[in-house]
Amino acid sequence: VGSSSWPCPTRVAVHFAPARPRTRGTTIARPDLHAALRGSVRDEGFVLAYFRDGDRHGILRRLAARGERVVAFTHAEVPEGVERHAPSTAGFADHLRRCRAVVGSAGNHLPAEAAMLAKRFLALYRRGDVEQRANAALWRAAKLGPAACFDAVEEDVLTRWLEGPAPDGSAVRAMTPASAAIAAAVERLAVERTVKFQVRYEGRPILSL
């Protein structure tokens, strides 16, 4: 986003990885934890799967072959032995609070939610997808869990993910939520420039000045 944001005096970068901003006027914030994820968190032994670009039958088939109970949220067909649910925000949140581990695309919100709930997350990226590959590298660098390319997931990666310790998400939870960071940034701009704002985040107003 550097080419589009360099003239801006104030920026809020929303991401799961704790980091120090390199440029003045930049705040790094974590996604807000969805209200549906604020209930009790427990481990009921199943693996939850969600992929941005459709299902990856290979990884789902391998997990089912290992004897894992796999629950995938998708409209697409899934391999035999995988439990399919239609995409649903409430349904997915309920399963995320109850799963043993999560596998999905190396996006932004799902890794953040997994870290904040201390759920094991395997971050997968498509070969040639620069953004997802960068997120996967950041996930590994933050020591939050393993990551791999969809077509090159080694067996030891699956073992470390499923049998290793759950991530310590305290550093992610300690980050400023995006709604608070955006509200603070807009409030500073309103004071400095004497202008009026109404800011909405995820469909709800978070600040009016």
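The values are calculated or read from the model by the stated rules, or taken from the named source; none is laboratory data. All of these numbers come straight from a predicted model, not from anything done at the bench. FYI the Cβ positions are ideal-geometry reconstructions off the backbone, even for glycines, and counts take in every protein chain you see. Side chains are part of the model used for accessible areas, which takes the heavy atoms of the whole protein and leaves out ligands, DNA and RNA. Shrake-Rupley method; radii C 1.70, N 1.55, O 1.52, S 1.80 Å.
Just a few scattered comments:
- Mean separation of Cα contacts under 8 Å (6+ apart) over length of the chain, as relative contact order %: 19
- Solvent-accessible ranking of S40, S5, largest area first, probe 1.4 Å: S40, S5
- Segment T159-E131, length gained on full extension (0.36 nm per residue, minus Cα span): 7.5 nm
- Solvent-accessible heavy-atom area per residue, rounded to whole Å², over region 19-106 at 1.4 Å: 52
- Entry for Kirkwood radius over Cα pairs in Å (calculated from the structure that is shown) out of [x] 17.7; [y] 18.4; [z] 23.0: [y]
- With R₀ set to 25 Å, the beta-carbon distance separating R24 from E192 gives a calculated FRET efficiency near 0.95.
- Inter-part distance where region 24-68 and region 143-161 are each reduced to a Cα centre, Å: 14
- In the chain, taking the dipole from charged Cβ atoms about the Cα centre, the farthest positive-side position among P9, L48, V153 is held by P9.
- Inter-site label distance for D168 and D94 at 7 Å from Cα along Cβ, in nm: 3.4
- In the chain, the portion of solvent-accessible area held by carbon and sulfur atoms comes to 52 percent [1.4 Å probe, whole percent, DNA, RNA and ligands not counted].
- Note on C149 and A118: their simple-model spin labels are 3.5 nm apart, each label 7 Å out from Cα toward Cβ.
- 222 nm mean residue ellipticity, helices alone, for the chain (DSSP H n ≥ 4; -39,500 (n - 2.57); rounded to 500): -9500 deg cm²/dmol
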